[in-house]
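Okay, so here's the structure we're looking at.
Just so you know, all these numbers are worked out from the coordinates, no wet-lab data involved. Keep in mind it's a predicted model, so treat the numbers as computed, not measured. Heads up, the Cβs are rebuilt from the backbone with ideal geometry, glycines too, and the neighbour counts pull from every protein chain shown.
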Amino acid sequence: MALMNINFLQLSRSYLFSTIGEKVKALREREKEAPLLNLGVGDIALPLAPTIVESLKDAADDMGETVHGYGSAEGHLFLREKLLEIEYGGLGFSAEEIFISDGIVRDICDIQDLFYHDATVGIIDPTYPAYFETTILAGKKIHLIPCLEENGFIPLPPDQKLDLVYLCSPNNPTGIAMTKAHLKLWIDWAKEHNTILLFDAAYEKFITSKDVPKTIYEIEGAKEVAIEFRSFSKSAGFTGLRLGYTVIPKELFLYSNKERHSITSLWRLRQDIKTNGISYTVQKAGFATLFGAGKKEVEKQVELYANNGKKLKHCIESLGFTCYGGTDSPYIWWKIPTTDSWEYFDFLLNELHIITIPGRGFGLSGEGFMRLSSFITEETLNQTINRFCNHGDKLCVMK
Ligand code: PLP
C-alpha cells in the first residue's frame, strides 16, 4: 500500500478558481447564450505583441538551422544579462544571482524546498492563494497576517519571529502597492528576526506612483533579507508562453546548526536537479520585450489594462461604492454592500452575467470585497460599465 502526502487532506475541498469555473459552467448550461463578461481570473485579454511574435518565429528558424539543446538550468545568459542591465541597472547584481523560470508561480511555491520542514511561514490575509496552498502541501506552519481596510490594506510586521514571509506588491488581490517606507519597515523587521522575505513583484510594471519602488532592492538592506520574483505573464502577455525570473542575492543565507549556506547556491543546486532549462524560443521572446519596438508594444498593452482599471474604478465609485487599488495595479478591490461575497458573486454572475472573484476566496479577511480584473478588452470594459450603470439600484440593493 503506497501512502499519500496527507497534507493534501488539509487543503480546502474546492480550489477558488475551480469553484468559479463550476458556477460559470452551471450558468452556461442554464442559459447557453448568456453574454458573459469575464473580470475574474485575471488572464490577459490581448494577443501577443507583433514584435514578440516575430521573435518567436525567428527563434524557431534559428533552431531549424542550429542545434539549441538543453540550456542551463538557470536560463540563458543573453536573457539574464539583459535583465540585469534593463531591470536592475546600478544595483550591483551579477548574472549568477538571477534565475529564469517558466513563470513564477512554480518558484514561489518551490522556494520552500530550501527551508526547514517545520518552518513558520507568514502569509498576508487576504492573499494570492498559491502562497497558502503550497505551504499547506509542504506541511509547514502558517501564521496569518491580517491586512485590513483600517490599515489601508498595508500589511504590518507581526510581533513574533517567522522564518519566511510572502509579500506581494502591488498586491493581488487588494491592488494596493507598498511604498518605500512600508517596505523599509518590513526589511528592518526581517533583519531583526532573521526572516527571509519572498517578494512577489508580478505586477511591478503597473507601478506609476513615485514613492512605490519597482524593485525591493531599491531599499537599503533588502539584499540581506529578500528574494524577488518577477513575471512576464502580465507585463508582456506571456501567460500562455510561460516566463519569469527569480532574483536571489548572494548576501542571503540559511543555516544548518551553525553552518551557513548561500541561498543562491542552494537554489542553483535545486534547479540543476529539478529542471532542464526553459524553452529557448520563449527566452528569445522575453528578450525582445526588454528594448526597442518590443518594449514599446508591451508597455502599451500594460497602459491599456491600467486605463481600463481606472475607468472601472471610476464607474463603481460614481455609483457610491468604495474601491481600493487600480492605481499601481490591474486589480480593483471593491467594497460590496454585504458580508457574503460568494452571494454577491452569484448575483453578479446570474443577474448581470459578469464574472468576478469573491474576496472570501482570498482568505477570511477578504470577506466583504470583490476583486475585479482590468485585464479586459475595451469592448468588455464598455459593456461592463453599461451593465453596472443600468443596474446601479440592484448593485446597492443590500446596502
Ligand atoms: N504572483 C501573483 C501575485 C499572481 O497574481 C500571479 C498570477 O496571476 C502569479 C504570481 C503567477 O505568475 P506566473 O504566470 O509567472 O506563474
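Working ranking of peptides 15-28, 104-117 by packing, defined as the average number of other Cβ atoms within 10 Å per residue, highest first, is 104-117, 15-28.
Just to confirm the number: angle between the C-alpha axis of helix 180-193 and the first principal axis of the chain, 0 to 90 degrees, nearest 10? The angle comes out at about 50 degrees.
Working from label points 7 Å from Cα in the Cα-to-Cβ sense, the residue 28 to residue 117 distance is 4.2 nm.
Considering all projection directions equally, how large on average is the shadow of the alpha-carbon convex hull of the stretch 149-249, in square nanometres?
Averaging across all directions leaves 6.7 nm² for the Cα convex hull.
Suppose we keep just the DSSP beta bridges with both residues in the chain; what percent of those would be antiparallel, to 5? Show your work: numbers first, answer last.
Working: 22 of 42 bridges.
Bridges in the chain that DSSP calls antiparallel: roughly 50 percent.
For each pair in 210/250; 25/300; 57/250; 57/180; 23/394, compute the distance between the two Cα atoms and list the pairs where it is over 30 Å. All intermediate terms of the calculation are to be shown ahead of the outcome.
Numbers: 210/250 28 Å; 25/300 33 Å; 57/250 36 Å; 57/180 41 Å; 23/394 21 Å.
Cα-Cα > 30 Å for 25/300; 57/250; 57/180; rest within.
Loop only per DSSP, at most 14 neighbouring Cβ atoms within 10 Å: give me the GluC sites (Glu not before Pro) in the stretch 190-273, ordered by residue number. Write down the numbers at each step before the final one.
On the way: sites: 192, 204, 218, 220, 224, 228, 251, 259; in loops: 220, 251.
Passing sites in the stretch 190-273 are 220.
Which of 32, 258, 223 moves the most in a Gaussian network model of the chain with Cα springs under 10 Å? Highest fluctuation of the listed residues: 258. When we measure straight from the Cα of residue 311, which aspartates and glutamates land under 16 angstrom away, once same-chain ones fewer than 8 places off are left out? Here the aspartates and glutamates satisfying the reach criterion relative to residue 311 are 303, 328, 378, 379. Can you give me the C-alpha center-to-center distance between the stretch 327-365 and the stretch 107-121, rounded to a whole angstrom? Going from one Cα centre to the other spans 31 Å.
Size of the chain from its Cα atoms: along the principal axes, largest to smallest, the extents are 62, 56, 55 Å. Helices in the chain, meaning DSSP H runs of at least 4 residues, each add -39500 (n - 2.57). Divided by all residues, the mean residue ellipticity at 222 nm is -12000 deg cm²/dmol.
Compared with the dominant Cα axis of the chain, that is its longest principal axis, helix 16-30 is turned about 40°.
If contacts are Cα pairs under 8 angstrom and at least 6 residues apart, what is the relative contact order of the chain in percent? Kindly include the intermediate steps, with their values, before the conclusion.
Values: 725 pairs, mean separation 90.7, N = 399.
Normalised by residue count, the contact order of the chain is 23 percent.
The chymotrypsin sites (Phe, Trp or Tyr not before Pro) of the stretch 53-109 meeting both criteria, a DSSP state outside H, G, I, E and B (loop) and at most 13 other C-beta atoms within 10 angstrom of the site's C-beta, are 70. For the residue pairs 191/310; 214/296; 161/205; 223/335, alpha carbon separations beyond 26 Å are given by 191/310; 161/205; 223/335.
For the stretch 331-399, what does the alpha-carbon gyration tensor say about shape, rounded, prolate or oblate, given a ≥ b ≥ c as the root eigenvalues, a/c under 1.5 as rounded, and a/b over b/c as prolate? Verdict is oblate for the stretch 331-399.
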